[in-house]
Amino acid sequence: MAQTVNAPTLPPPPLSAGALGWARENLFGSRLSGALTLVSAAAIAVGLWFSLAWIFFSADWEVIVKLGGRFVIGQYNAETSCPGQNCFWRPQAGLLMATALLGVFWAITASVSVKRAAFAVALTSAAFAFLPYSLNEMGWDVRLLLLANVPALGAGWAIGRHTPLNTPSRAIIASVGAFLLTLLLLRGGFLGLEPVVVEKWGGLMLNILLALTGIVFSFPLGVGLALGRRSNLPVLKLLCVFFIEVMRGMPLITLLFMSQVLVPLAFPENFPLNSVTRAAIVIILFSAAYMAENVRGGLQSLHPGQAQASRALGLAAWQTTLFISLPQAIRNVIPALANQFIALFKDTSLVYIIAMLDIVQIGRAFIQGNTEYLLHARELFIFIAVVFWVFTYAMSYFSKRLETHLGVGQR
Amino acid sequence: MAQAPRVLTYQGIPVWRHVVIIQWTLQIVSAVLVVALVAWFFSNIANAIQDRNIPYGFDFLSRQYQTPIGEHFIPYEPSDTFGYALFVAATNTAIVAVVGVALATALGIAVGVARLSSNWLVARIAGAYVEFFRNVPLLIQLLFWFYIVLSLPPTRNTHVLFGRAYINNAGVSIPWPLPTGGGDLYSGGLAALAPYLWLASAAIAVAAGFVVHRILTRREIETGRASYPIISGTAAAVLIGAVGWVALMIVNGDAPFAISTPAPQGAFGRIAGGFTVRAGLFVLLIGLVIYTAAFIAEIVRAGIQSVRKGQLEAARALGLSPIGVLRLVTFPQALRVIVPPLISQCLNLTKNSSLGGAIGYSELTSVTITMTQTAPAISLFILIMASYLAMSLAWSLAGNLYNWRIGFKGA
């Protein structure tokens with residue numbers, strides 16, 4: 001009887017598996033691909049060599065050290081805006097509340113990405129306490145309040161776990177409350193707190209506050225406009241279309257400038273509307289118009305059968321819109337909405353046109369005022385660009401997580 | 001006793017639940033509210049005009065502007081009128097828009113294709129480009145480039161590139177073909193007309209090239225024999241253009257165009273000759289192109305990914321080269337997905353050019369802002385709104401015409 005022996009399993013050819021195989025397929029797949037790899041690898045090597053040499057040897061990062069806390073709060077703590085008091089603790093209290101709320105959300109959602117964000121915020125804030133400034137430049141109170149972000153995160157987590165503040169809707173209400181409380185604190189003028197006029201708010205704080213206000217208000221407004229544009233009521237539709245198209249047709253910067261020149265005319269003299277509020281309103285209206293177009297896209301992507309089925313089940317028109325159409329429509333356009341939020345955050349840098357000192361303008365004003373730093377403006381703007389990038393990248397990361405979580409494209 | 005049957009009579013829907021009535025009440029109420037709000041604004045503006053002597057009206061358009069405009073591509077003197085100055089500013093914006101869109105589209109397509117490259121390294125580089133430049137505010141990028149250009153040496157010790165081009169803090173100068181002869185167009189005779197005559201012959205040459213290409217393509221499709229349409233078309237165009245050039249040279253004794261090389265002149269080394277892109281325009285174009293290309297790259301990527309895989313496999317199976325697949329199969333289909341969002345990027349670039357004021361380029365918004373010091377803001381606002389609206393409409397019209405041309409025809 002012939003005996004059959006399995007041939008020994010040979011290892012794969014050395015060039016088709018492992019790192020070599022991967023490189024052969026992805027880097028040297030064809031002659032053109034190989035050439036491209038060599039050229040771009042050389043370009044990266046040269047680029048890295050020069051940028052690292054520049055970053056560590058030729059660049060002078062002193063301008064960033066010099067500006068320090070002004071990046072974060074602008075002129076808020078200056079003697080002219082907050083005389084006789086140390087006001088740095090007020091924005092820091094806002095930060096502590098934000099960290100604690102992140103802890104609450106972490107406990108409630110048990111989501112990995114929220115946990116990461118919470119830890120990132122708390123640990124980065126705490127790390128700033130160890131900056132090598134002298135005690136004169138950065139007091140122990142500032143450092144302690146920065147370090148307090150870590151216990152605040154723990155406290156928030158405990159609150160979310162063990163107190164009635166344990167459902168998403170309650171946490172959202174608490175967040176809105178904390179946001180309003182922060183605004184009140186920053187404004188001051190009660191309990192012996194020196195009032196700080198809104199025009200003196202600045203730095204990254206101003207960018208974040210404007211962006212948050214913009215997101216919170218422009219989203220519902222945008223949804224309303226989108227519904228109005230899709231409704232079959234001619235007058236309502238016409239109004240919405242007109243508003244959306246006019247807003248989308250103009251650059252934000254023009255609108256912002258005109259909000260300072262024209263809007264005061266449209267209100268009675270002495271109407272209590274300061275320039276920051278006007279700017280915030282313009283940003284909200286502008287963003288809402290774009291938001292409306294995104295939501296409209298989502299509504300159009302729905303199969304009409306959804307609404308018909310819902311009506312057939314006896315839901316009223318408003319119930320159909322609120323519980324059937326909108327949730328699906330908004331889920332479908334999460335990436336577009338996230339991009340809109342990112343654009344909104346980036347657009348807050350345009351408030352320079354109304355003489356507000358946001359983070360970009362703080363840097364620019366510093367360079368213009370201290371011309372000896374003119375050659376180091378690039379270090380400054382690279383730093384500000386990276387700060388913005390961290391925030392916007394975090395936003396797009398979260399939108400991707402949310403998309404996966406809600407199963408977009410899988411249902 | 002038999003109970004009398006209850007007769008149900010249909011009373012009709014109560015008035016307050018009648019759909020038509022609800023809808024029309026809603027519409028009338030919202031229309032009245034909007035009209036009332038607008039009327040209130042207008043009455044306030046009217047009051048302000050009366051009480052505070054705010055100027056209004058369009059008489060200023062024929063007054064002398066008396067302010068220089070930093071950069072202009074059509075002749076402008078400070079003694080020209082406001083109306084003409086606005087037109088000059090609008091041409092400045094339009095030039096940035098057209099050149100910027102052309103460059104950004106080219107770069108965006110290249111990056112978008114590179115992002116889908118099978119070469120791992122190339123795809124990663126393109127991805128990093130998109131992720132970074134898309135997520136950093138345009139203003140920061142513009143300021144970064146602005147200070148880079150500002151830190152270049154002044155014209156008197158300018159950088160020299162390849163011995164023929166110059167780059168300094170006033171801008172970039174490159175060799176450029178300029179018409180020879182010169183002189184007055186009406187009295188200068190053939191010498192002055194020659195450049196224009198050659199441009200006309202070049203236009204005829206290009207048109208002839210297209211006709212040849214079309215005829216040969218049709219023949220190739222009908223007969224199946226290779227007729228080399230691209231090579232023949234190009235050859236025809238070059239031939240006709242060269243014949244025109246030589247003919248003009250023989251008749252006129254001089255070439256219609258000559259390359260003009262820039263050269264520093266005088267004590268301050270002002271660069272004369274060639275073609276100079278001044279610093280403001282240079283910075284604005286770099287910033288806008290790099291920023292917008294990141295968005296266009298994403299649009300192109302989405303468009304290419306929307307083409308079904310079977311299409312590519314079929315094209316490869318028919319023996320097309322990878323470049324041929326991209327050019328003849330992928331791209332024509334992807335264009336249908338790409339063009340609509342591309343139009344909105346063109347609009348965005350046009351509107352974003354309003355940031356030029358921050359880096360010293362005199363575009364529409366910055367000129368208008370300067371004008372508000374000596375002219376009525378209300379009228380200026382109406383004019384600037386109309387100008388941007390006109391530019392948006394122009395882009396939409398051009399884009400939609402193109403979209404219609406490449407769309408599915410017939411069935």
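Any residue at all in the stretch B:7-27 that's touching a residue at least 24 places away in the same chain (Cβ under 8 Å), open to solvent by less than 90 Å² (accessible area, probe 1.4 Å), in a loop (DSSP other than H, G, I, E, B) and not β-branched (Val, Ile, Thr)? No: the stretch B:7-27 contains no residue that is touching a residue at least 24 places away in the same chain (Cβ under 8 Å), open to solvent by less than 90 Å² (accessible area, probe 1.4 Å), in a loop (DSSP other than H, G, I, E, B) and not β-branched (Val, Ile, Thr).
Counting only residues that are in a helix (DSSP H, G or I), facing chain B (nearest Cβ under 10 Å) and under 12 Å from B:Ser118 (Cα atoms), the stretch A:23-39 holds 8 of them.
Residues of the stretch A:182-215 that are outside any loop (DSSP other than H, G, I, E, B) and either exposed (fewer than 14 other Cβ atoms within 10 Å of the Cβ) or among the aromatic types (Phe, Trp, Tyr) (or both): A:Leu184 alone.
Taken over the stretch B:318-354, the criterion of being closer than 24 Å to B:Thr365 by Cα and charged (D, E, K, R) is satisfied by B:Lys351 alone. The number of residues in the stretch B:120-152 that are within 30 Å of B:Ala263 (Cα to Cα), open to solvent by less than 30 Å² (accessible area, probe 1.4 Å) and touching a residue at least 12 places away in the same chain (Cβ under 8 Å) comes to 3. Count of the stretch A:260-286 residues, restricted to those that are within 14 Å of chain B (Cβ to nearest Cβ) and on the phi < 0 side of the Ramachandran plot, is 18.
Flag not set for B:Ser306, criterion: over 30 Å from B:Arg156 (Cα atoms), modelled with pLDDT of 85 or more and not assigned by TED's automatic domain parsing to the domain that holds B:Ile95. Looking only at residues in the stretch A:362-374 that are of a type outside the set (A, V, I, L, M) and in contact (Cβ under 8 Å) with a residue 60 or more places away in the chain, which one is surrounded by the most Cβ atoms within 10 Å (Cβ to Cβ)? Once the filter is applied, the top-ranked residue is A:Gly363. The residues of the stretch A:287-303 that are away from chain B (no Cβ under 12 Å), small (Gly, Ala, Ser) and surrounded by fewer than 19 Cβ atoms within 10 Å (Cβ to Cβ) amount to a single one, A:Ser301.
Only residues that are aliphatic (A, V, I, L, M) and without any contact (Cβ under 8 Å) to a residue 40 or more places away in the chain were counted in the stretch B:62-83, giving 1.
In the stretch A:250-262, how many are part of a helix (DSSP H, G or I) and crowded, with 19+ Cβ neighbours inside 10 Å?
So the answer is 8.
Being of a type in the set (Gly, Ala, Ser) and either closer than 30 Å to A:Phe257 by Cβ or at pLDDT 85 or above (or both) is a description that applies to B:Ala315. Here A:Leu210 clears all of (1) within 18 Å of the chain's Cα centre (by Cα); (2) farther than 22 Å from A:Ala355 by Cβ; (3) within 14 Å of chain B (Cβ to nearest Cβ); (4) of a type outside the set (Asp, Glu) except the condition numbered (2).
Of the numbered criteria (1) within 14 Å of chain B (Cβ to nearest Cβ); (2) at pLDDT below 90; (3) open to solvent by less than 60 Å² (accessible area, probe 1.4 Å), the one A:Phe388 fails is (2). Restricted to the stretch B:366-404, and to residues that are closer than 30 Å to B:Gln333 by Cα and aromatic (Phe, Trp, Tyr), which residue is least open to solvent (accessible area, probe 1.4 Å)? Among residues in the stretch B:366-404 that are closer than 30 Å to B:Gln333 by Cα and aromatic (Phe, Trp, Tyr), the one least open to solvent (accessible area, probe 1.4 Å) is B:Trp395.
A:Val333 falls short on exactly one of the conditions (1) at pLDDT 90 or above; (2) within 18 Å of A:Ser218 (Cβ to Cβ), and that condition is (1).
Based on this model, can you work out whether A:Leu236 counts as without any contact (Cβ under 8 Å) to a residue 12 or more places away in the chain and of a type outside the set (Ser, Thr, Tyr)?
For A:Leu236, the condition - without any contact (Cβ under 8 Å) to a residue 12 or more places away in the chain and of a type outside the set (Ser, Thr, Tyr) - is met.
Set side by side, the residues B:Ser117, B:Ser79 differ, and just one is open to solvent by 50 Å² or more (accessible area, probe 1.4 Å) and at pLDDT below 90, which is B:Ser79. State whether the residues of the stretch A:81-92 include one that is part of a loop (DSSP other than H, G, I, E, B) and touching a Ser or Thr at 6+ places or on another chain (Cβ under 6 Å). Checked the stretch A:81-92: no residue is part of a loop (DSSP other than H, G, I, E, B) and touching a Ser or Thr at 6+ places or on another chain (Cβ under 6 Å). Of the residues making up the stretch B:325-363, those that are among the small types (Gly, Ala, Ser), open to solvent by less than 20 Å² (accessible area, probe 1.4 Å) and within 14 Å of chain A (Cβ to nearest Cβ) are B:Ser353, B:Ser354, B:Gly356, B:Ala358. Exactly one residue among A:Ala365, A:Ala377, A:Ala338 is within 12 Å of chain B (Cβ to nearest Cβ), under 22 Å from the mean Cα position of the chain (by Cα) and at pLDDT 85 or above, and that residue is A:Ala338. Looking at this structure, is A:Ser134 assigned to a loop (DSSP other than H, G, I, E, B), touching a residue at least 60 places away in the same chain (Cβ under 8 Å) and of a type in the set (Gly, Ala, Ser)? Considered against the rule, which asks whether it is assigned to a loop (DSSP other than H, G, I, E, B), touching a residue at least 60 places away in the same chain (Cβ under 8 Å) and of a type in the set (Gly, Ala, Ser), A:Ser134 comes out as no. Residue-level analysis places A:Ser51 among those that are within 29 Å of A:Val121 (Cα to Cα), hydroxyl-bearing (Ser, Thr, Tyr) and either outside any loop (DSSP other than H, G, I, E, B) or out of contact with any Leu (no Cβ under 9 Å at 6 or more places or on another chain) (or both).
Can you pull out every residue in the stretch A:60-80 that is buried (at least 16 other Cβ atoms within 10 Å of the Cβ) and in a loop (DSSP other than H, G, I, E, B)? It would help to see each step written out before you state the result.
Step one: of the stretch A:60-80, the residues buried (at least 16 other Cβ atoms within 10 Å of the Cβ) are A:63-64, A:67, A:69-77.
A:Gly69, A:Gly74, A:Gln75, A:Tyr76, A:Asn77, listed by residue number.
The values are calculated or read from the model by the stated rules, or taken from the named source; none is laboratory data. If you're wondering where the values come from, they're calculated on a predicted model, not measured in any experiment. Don't worry about glycine lacking a Cβ; one is built from the backbone with ideal geometry, like all the others, and counts go over all protein chains shown. Calculation scope for accessible area: heavy atoms of the full protein, side chains included, ligands and nucleic acids excluded. Shrake-Rupley method; radii C 1.70, N 1.55, O 1.52, S 1.80 Å.
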